[in-house]
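No lab work stands behind these numbers, since they all come straight from the coordinates. Treat the numbers as computed from the prediction; the structure is a model and nothing was measured. So basically every Cβ, Gly included, is an ideal-geometry build from the backbone, and we count neighbours across all protein chains shown.
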Amino acid sequence: MSILSATKRSRQTVLGYPVDIVDEPLALELIKSSWSARRRLQIITLNAEMVVAAQQDRELDRIIRHADLIIPDGAGVVWALKLTGHKVQRLAGIDLASATLSQAASCGSKVALIGAKAEVLEQAVVLLAKTHPGLNIVAYHHGYFSAADEEKVVSQVALAQPDLVLVAMGVPRQEYFIDRWQAAFSQCVVIGVGGSFDIWAGVSKRAPIVMRRLHLEWLYRMVSEPWRLKRIGSSLPNFGWQVVFESIFRGRGSETKAKNPDDKSV
Ligand code: UDP
C-alpha cells in the first residue's frame, strides 16, 4: 500500500483531472515521507487556467494525470469540488512551497531553486535565507537558459543532490521541464511554483489577505498584471461553464475511476 493511500488522502476529479484532497499538514507529511524514503514526489498546483490549458495540450494533460500529488491551488478548482459535494480548502502552491521550505530548514533537507530572472532569483535567495532560518540552498539557476544549455543547468543542480527542487518558470514551461528531467531529480520533491520567486524577491505582490480569503486572488492578478487579462479572462468562464454543465448533466460525485491512486509511486 502506498504512503498516500495509507493516509487520509482522497483523490477526486475536476473536469476529469485528478485533484488530491489534502491540506497543508497532510501535504507536508507526504513530503517528509518522500524525503525519508528518498522517493520522488512531483507536485502539481492545479487551477482553472491550467485545466483549460491541459484540455488543449496533450503533453500538459499527460503530465498532470501522472503527477504524484495534485493540490487544489485555485479557487475555481475548489469551487468545482464543492459543487460535487467534496469538502475542501484551497491550498495555494506558494503557501505550500513556503511551508515546505520551512520544513526543509528544520529537517536539514537540501534545496534547489530554478527559474525567474537572474537578479530576481538572487534577491529571492537572500530573502528566503532570512525568512527561513537554517535553509540550505545548495543550488540555484535562473530560468532563462537556452535549450542547448538545459542539460548543463540540470547537471549542475543535480550534482548538489537537492531533496527539494522548486521550479518557477510559469505554466506549462515548468511542467515540461520537470517532466523532461524526471530521471535527474528521481529522489527529490519537485514543485512547479509559477511566479513565487518574484513574490519572495519582492518584485511582485500577492493579493491582500482579504482578497485571498474571498477567493479573489485571480481578480487581483488580472487587475495588477493586465497582460494576464486575455488568458485568465477566457479560461475562467470556459472552466466555469464546463463545471456547471458537468454538474448538471453528470450528477454528483466524480471519483477517479480511470486511475487507481494506489498505483502511485509514492
Ligand atoms: N520565467 C522563466 N523562464 C522563462 C519564462 C518565465 O524563468 O523562460 C519565469 C518568470 O521570470 C517568472 C515565472 O517564470 O518568474 C512565471 O511567473 P508567472 O506568474 O507568469 O507564472 P504562472 O502564472 O504561469 O504560474
Arrange the following residues from fewest to most other Cβ atoms within 10 Å of their Cβ: 179, 73. 179, 73
With an 8 Å cut-off on Cα pairs and a minimum separation of 6 or more residues, tell me the relative contact order of segment 1-156 in percent. 19
Quick one: if you stick a label point 7 Å off each Cα along the C-beta vector at residue 219 and residue 147, how many nm between them? 4.2
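From the helices alone, meaning DSSP H stretches of at least four residues, give me the mean residue ellipticity at 222 nm for the chain, per-run term -39500 (n - 2.57), in deg cm²/dmol to the nearest 500.
Details: 13 runs with 132 residues, N = 266.
Computed mean residue ellipticity for the chain: -14500 deg cm²/dmol.
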Counting only C-alpha contacts under 8 Å and six or more residues apart, can you give the relative contact order of segment 99-143 as a whole percent? 55
As a quick test, which of the pairs 110/130; 130/205; 87/205 have an alpha carbon distance above 21 angstrom in this structure? 87/205
Label-point separation in nm, residue 229 to residue 58, each point 7 Å along Cα→Cβ: 3.5
Looking at the chain, what % of the alpha carbon pairs are farther apart than 26 Å? 39
Nearest-0.05 FRET efficiency for residue 33 and residue 211, computed from C-beta distance (R0 35 Å): 0.55
In a Gaussian network model of the chain with springs linking alpha carbons closer than 10 Å, the residue among 61, 149, 198 that fluctuates most is 149
Determine the relative contact order of the chain: mean sequence separation of Cα pairs under 8 Å and six or more apart, normalised by residue count, in whole percent. 26
GNM of the chain, Cα pairs under 10 angstrom: of 85, 194, 240, the biggest fluctuation goes to 85
